[in-house]
Amino acid sequence: MKASILFLVEHRMIKKLSEIEREREFFDRRHDLNSVMPVVREIITTVKKRGDDALREYTLKFDSVRLDEIEVSEEEKEAAKANADSELKLYIGEAFNRIRNFHHRQKKAAWVERFAEGVYIGELYRPFEVVGAYVPAAYFSTALMCVTPAKVAG
């Protein structure tokens, strides 16, 4: 029994190491982003032209998920909260608080200064009215990292 458990652990470790290597290769700064930019531009152009229909098609293509609605309803949010493991909710809450605190520190205040007679200079920061976030299936951490800064911004 111990040998089969050990094999399972070793198998998972080998799999995990290969995943780490793939991620390292993907995120390596020497990776040529120019090779993917044409695809990214095509996706953005298609979404601008075709809106939610394009988003549904790309979600099916990349995540194998068929969406009826793009936005998550309040009922779906409440059901997800009710069905989530309490320990998972605790970890998500901790992550949210850390991300929120980090982005609060980045938040800048508007300022105006008199530069000369009748001339003022300054900076004004305004949050976007609407923010969309692509969250691949089952990657709630992506939702936290994309949506939390938007909520902090206002």
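Here, each number is a calculation from the coordinates, and none is a lab measurement. This structure is a prediction, so every number in the text was calculated from the model and none was measured.
From the backbone phi of region 32-45, what are the Karplus-calculated ³J(HN,Hα) couplings (6.51 cos²θ - 1.76 cosθ + 1.60, θ = phi - 60°) in whole Hz, Gly and Pro given as x?
My calculation for region 32-45 gives 7, 5, 4, 5, 9, 4, x, 5, 4, 4, 4, 4, 4, 4 Hz in order.
Residue by residue through region 118-134, which ³J(HN,Hα) values in whole Hz follow from phi under the Karplus form 6.51 cos²θ - 1.76 cosθ + 1.60 (θ = phi - 60°), with glycine and proline marked x?
x, 10, 10, 10, x, 9, 10, 10, 10, x, 5, 6, 9, 10, x, 9, 8
Here is the link list: K49/K89; K61/K107; K89/K151; K77/K107. Which ones come out longer than 30 Å on Cα distance? Mind dumping the intermediate values first?
On the way: K49/K89 38 Å; K61/K107 36 Å; K89/K151 19 Å; K77/K107 28 Å.
Check vs 30 Å cut-off fails for K49/K89; K61/K107.
Short version: what are the Cα gyration tensor semi-axes of region 43-154, square root of 5 times each eigenvalue, largest first, in whole Å?
Details: eigenvalues 243, 103, 23 Å².
In descending order the semi-axes read 35, 23, 11 Å.
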